[in-house]
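Student: To start, I am sharing the structure in question, which I have written as structure tokens.
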Amino acid sequence: MSDEPLQARGVPTDAVLPVDTVLPVDLEAPDAVLDGFEPADLDGHTIEQLNDYLDAGRQPLDPSIENSPGCQIALSAMLRLREMSRTLLETDVLSEPAPTDTWVSGILNRIGLEARAGRDIPVQHPSPAAKLTLTEGAVRGLIRAAGDTVGGLLIGRVRLVGDVTLAGEPITVLVDASVFWGEPIVAAAARVREAIYAELLKHTELTVASIDVTVHDVHRSRAPEALLVRTDEDD
Amino acid sequence: MDDLASLSATLTAAVRTVTGVTAVYASAPAVVSAASVAASVAATVAATAAASVVGAVAGSVGGRVAGSVSRSAAVLDASAIDVSAITAEAVSARDSVRVSDGPGGLVVSVTIGVDEADSATEACRRVYDVIADLLAAAGEPVESIAVTVGRIG
């Protein structure tokens, strides 16, 4: 799959793409390894175990999951993904093949990887005794949440490029996303970019050089207009 | 040790009251389940048994091995241990500010969750200030205080 920007591939980025323009994101690409990856950062749990835990309604309560920041970040992201997947599936029954298990499991795997603590991002304090940090996982979770909740997109992958462990070092935020059918891509990307920047400005001291949003995929969403069109066609 | 545990409890309670803090996590949490405790106990039994042998051969190692050997009798009786009790205790102990003695004073670390509505960096600094103020008031020398934000939102 090409990593070229949509425009470079002749895809109009200032208009709604036709529904058959599906460019599946390769979420399990070889370069999907994250900086600061620590296998123990989900406190010994796998994303499959967390998925089962959600299926069971978080019962019986597992303290090792509920008291783990990494697990909590992953669970929040998985709940948002479930809600959006449900919406997509409801519409896809009417309009197009359902998202494949690979598509969903790819995002789940990314959530699991990104929720891990990763690198330490410094927070300044005048005292020499102070060692204040944000985990990279917390910041990736923040970015994913900002992107997921802005509407019109589903975040597939989040990366922080640059040495986040050094205060003042410029970093680039790379976000891969899917856009829901009917959303103008440029406008949706701009909304996500603004939301992410606002969150980073509020919660971190990172020097953000750029936030690059790459749209790899288009999915039909449960837009009332789409359903109305479909009803008309049926008639 | 009791003093450190008591101090940890006091600091944990104080950190929980800091504006913006939603959770206090262990700095180095680990999965604690009946299975993992049982596995840990089994591994300890094996390691201690091995240490006993090494201690017998290399007696010059002295007190450290002797300590392991003296504990081995109790540890070897792992089947008598109430694993569920260990699990509950270990999980409770995770949820706290960690305090230990360092060469230059106390070494404190804590991982927190922060409310999305608050600034994570500001909450992080507030937690540091609360811990530092409490330790200063208690006249405790401090080597370092590490505050990590593990989750936002």
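Student: So, in the range B:133-153, of the ones that are of a type in the set (G, A, S) and at the interface with another protein chain (Cβ under 7 Å from one of its Cβ atoms), which residue ends up nearest to B:T12 (Cα to Cα)?
Tutor: Restricting to residues being of a type in the set (G, A, S) and at the interface with another protein chain (Cβ under 7 Å from one of its Cβ atoms), the top hit is B:A146.
Student: Next up: Name the residue that is farthest from A:A115 (Cα to Cα), counting only residues in the range A:42-64 that are facing chain B (nearest Cβ under 9 Å) and not in a loop (DSSP other than H, G, I, E, B).
Tutor: This residue is A:P63.
Student: Within the range A:114-129, take every residue that is crowded, with 22+ Cβ neighbours inside 10 Å and not acidic (D, E) and give me the one that is nearest to the other protein chains (Cβ to nearest Cβ).
Tutor: A:V123
Student: Hey, A:V208 hits all of (1) assigned to a helix (DSSP H, G or I); (2) touching a Phe, Trp or Tyr at 6+ places or on another chain (Cβ under 8 Å) but one; which does it fall short on?
Tutor: Evaluating A:V208 over (1) assigned to a helix (DSSP H, G or I); (2) touching a Phe, Trp or Tyr at 6+ places or on another chain (Cβ under 8 Å) leaves (1) as the failure.
Student: Pull up the range A:162-191, narrow it to residues that are more than 23 Å from A:W103 (Cβ to Cβ) and acidic (D, E), then point me to the one that is least open to solvent (accessible area, probe 1.4 Å).
Tutor: Across the range A:162-191, the extreme among qualifying residues is A:D163.
Student: Return a yes/no flag: does the range A:140-163 have any residue that is facing another protein chain (nearest Cβ under 8 Å), among the aliphatic types (A, V, I, L, M) and touching a strand residue (DSSP E or B) at 6+ places or on another chain (Cβ under 7 Å).
Tutor: Yes, that holds for at least one residue.
Conditions tested, residue by residue: (1) open to solvent by less than 20 Å² (accessible area, probe 1.4 Å); (2) in a helix (DSSP H, G or I); (3) at pLDDT below 95.
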site: B:V108; (1), (2), (3): yes, no, no
site: B:E122; (1), (2), (3): no, yes, no
site: B:R126; (1), (2), (3): no, yes, no
site: B:D129; (1), (2), (3): no, yes, no
site: B:L135; (1), (2), (3): yes, yes, no
site: B:E143; (1), (2), (3): no, no, no
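The values are calculated or read from the model by the stated rules, or taken from the named source; none is laboratory data. All values derive from a computational prediction rather than experimental measurement. All Cβ positions, even for glycine, are placed from backbone atoms using ideal geometry, and neighbour counts span all protein chains on display. Ligands, DNA and RNA are stripped out before the accessible areas are found, and what is left, the full protein with its side chains, is counted by its heavy atoms. Shrake-Rupley method; radii C 1.70, N 1.55, O 1.52, S 1.80 Å.
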